[in-house]
Amino acid sequence: MKLQLFKKQNKIKLPSTRKKEYQLKWWHKLLFLSPIIVIALIFKGNEWYESYMLNNYKDSTWAVLTNVKLSGVKDVFDIENVAFEYNVGGKIYSSTISVPVNHKYVIGDLDLPLYVGQRYRLYFATKKADICKIDLTKPDTATIKKYINDVAFVIQKLLNNISTFNAQCISEKIFNNFSYDGLAYIIFYDEYLVENLKHNSSTFSSFWAKSQVKNIINDCLKQK
């Protein structure tokens, strides 16, 4: 009888003990995860909020680059090296972003150098216009024309000082056929491989030797 009573008592107590152990472990895990959750909210919460605002209350305008530096805009330790301004409802807003650099240039999303005064499409939240995102793949017409003019200047040097008219013709046709990638090959025609893996002196030579590029050059040189 005593042995049976002992077993019954143990059967009653054991589940209760396991439940308490389980609850203790669950609370320990919660206490352990709480700081991680708080840190994630601190670092990501604002990003999530801005993403929500831009996705649900988005409008667009043009932003002008006001500062472009190899180091930080505010100081050398600042990672954000490009500053821009934009106008919404007559009010000027400003912001900064971090853009990759090499030894000489700040290189945007089109693999082309960025310069002060260029304009790019910018999206902002209509309910909070200081929340914004600049799109460095969408320059305005004046910025595109300036890139084409810069490439025409390089082409003049590459082809023994041909006329400005012929160089402009080649540059425009290269842009029409190869887009921004074609312009980048020529702008970085003498760049070191270690400074620019995609557009450098080696990749330029291959690009310049393309039959399509040679045909463009020949067609434009025939024009007067």
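The values are calculated or read from the model by the stated rules, or taken from the named source; none is laboratory data. Just so it is clear, the model here is predicted, and its values are computed rather than measured. Please note: Cβ atoms are built from the backbone with ideal geometry, for glycine as well, and neighbour counts cover all protein chains shown.
Just for region 205-222: of the residues that are surrounded by 12 or more Cβ atoms within 10 Å (Cβ to Cβ) and not hydrophobic (A, V, I, L, M, F, W, C), which one is farthest from the chain's Cα centre (by Cα)?
Asp219
Could you figure out which of (1) surrounded by fewer than 18 Cβ atoms within 10 Å (Cβ to Cβ); (2) among the polar types (S, T, N, Q); (3) not in a loop (DSSP other than H, G, I, E, B) isn't true of Asn160?
Looking at each condition in turn, Asn160 falls short on (3).
Kindly establish whether Asp181 is surrounded by fewer than 20 Cβ atoms within 10 Å (Cβ to Cβ) and in contact with a Lys or Arg (Cβ under 7 Å, 6 or more places away or on another chain).
no
Can you go through Tyr189, Tyr180 and tell me which one is in a helix (DSSP H, G or I), closer than 23 Å to Lys145 by Cβ and at pLDDT 95 or above?
Tyr180
Would you check if Val151 is within 28 Å of Val101 (Cβ to Cβ), among the hydrophobic types (A, V, I, L, M, F, W, C) and surrounded by 13 or more Cβ atoms within 10 Å (Cβ to Cβ)? Explain how you work it out, then say what you get.
Details: within 28 Å of Val101 (Cβ to Cβ): yes; among the hydrophobic types (A, V, I, L, M, F, W, C): yes; surrounded by 13 or more Cβ atoms within 10 Å (Cβ to Cβ): yes.
Spelling it out, Val151 is indeed within 28 Å of Val101 (Cβ to Cβ), among the hydrophobic types (A, V, I, L, M, F, W, C) and surrounded by 13 or more Cβ atoms within 10 Å (Cβ to Cβ).
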